Amino acid sequence: MINSLEATRFIVSQVTDEPIVASLGNAKYDLFLSGDRPQNFYLWNAMGLAVSVGLGVAMARPQQKVIVVDGDGALLMNLNALATSAVRSPKNLIHIVWNNRQHELTGGQPTATAFRTNLAEVARGAGIERCESVETQAAFEDVFLRAFQEPGPWLISAQTNGTRSPGRPPKSPTYLKHRFRESMGVAPE
Ligand SMILES: Cc1ncc(C[n+]2csc(CCOP(=O)(O)OP(=O)(O)O)c2C)c(N)n1
Ligand SMILES: [Mg+2]
């Protein structure tokens, strides 16, 4: 079983100025704890939209890897985003899902992955080129390093435990948006 904080720390240890878009809840809490940086874009409440935002960033920045850290519950709420990603197929998009098989943040209600749904297979069926499921930290690090080097788009479903993360990133979406845009070299609005 993978600890999502440990795995997120590994991601952050590998990046330089690559953008990382984080889903609401534990994904963004872990990212903040692993090292706050202007290139981190934390979503507040917009459940399921991390990969939609990441897709847009990946299309706008084709020369750079763009990483999305997502939750299983959030992705399941917006599965059509996988089909949209596949239509565009940006080679630089790395979509990582922390699959703890529950909505941990709202009380641990089981998601569909606790029953029959396999997110890597769903992504493959949607048309995402490179889909992997991993269950150990070593396997995660190995596939992440491949995804960081080799063309995608990638979907990595990582089996994680259900731990609550204590990280609390800045709460103002406006502040986070401006900070992120500035880090991308986009002129202020
Ligand atoms: C549209 C919508 N419905 C419900 C919520 C409440 N909500 C916040 S986090 C969360 C669970 C997210 O589950 P997951 O993405 O698997 O992350 P985890 O909590 O397991 O880390 C829910 C249901 C929300 N923010 N938006
Ligand atoms: Mg979950």
Original post:
Taking a quarter of the surface of the convex hull around the Cα atoms of region 1-43, what do you get in nm²?
Top reply: 2.8 nm²
Original post:
Cα gyration tensor of region 1-107, axes a ≥ b ≥ c as square roots of the eigenvalues: rounded (a/c below 1.5), prolate (a/b > b/c) or oblate?
Top reply: oblate
Original post:
What is the antiparallel percent of DSSP beta bridges lying wholly in the chain, to the nearest 5?
Top reply: 10 percent
Subject >> Net dipole in debye of region 4-183 [+1 Lys, Arg Cβ; -1 Asp, Glu Cβ; about Cα centre; nearest 20] >> reply: 520 debye
**OP:** Could you please report the charge total around V134, scoring K, R as +1 and D, E as -1 over all other residues with beta-carbon less than 12 angstrom from its beta-carbon?
**Re:** -3
Original post:
Relative contact order of region 1-117: what whole-number percent is it, with Cα pairs under 8 angstrom and at least 6 residues apart?
Top reply: 24 percent
**OP:** For the chain, with all protein chains present and a 1.4 Å probe, just round the carbon and sulfur fraction of the accessible area to a whole percent.
**Re:** 53 percent
Subject >> Most mobile listed residue (A86, A50, A60) in the chain, GNM with C-alpha springs under 10 Å >> reply: A60
Subject >> Cβ-based charge dipole, region 37-105, positive-most Cα from L55, N80, N45 >> reply: L55
Original post:
Is the shape of region 4-183 rounded, prolate or oblate, going by the alpha carbon gyration tensor and its root eigenvalues a ≥ b ≥ c, with a/c under 1.5 for rounded and a/b larger than b/c for prolate?
Top reply: rounded
Original post:
Counting each DSSP H run of 4 or more residues in the chain as -39500 (n - 2.57), what helix-only mean residue ellipticity at 222 nm follows after dividing by all residues, to the nearest 500 deg cm²/dmol?
Top reply: -12000 deg cm²/dmol
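The values are calculated or read from the model by the stated rules, or taken from the named source; none is laboratory data. For clarity, every value in this text was computed on a predicted model and none was experimentally measured. Methodologically, a virtual Cβ is constructed for each residue, glycine included, from the backbone with ideal geometry; neighbour enumeration extends over all protein chains shown. The area values use the complete protein model at the heavy-atom level, side chains included, leaving out ligands, DNA and RNA. Shrake-Rupley method; radii C 1.70, N 1.55, O 1.52, S 1.80 Å.
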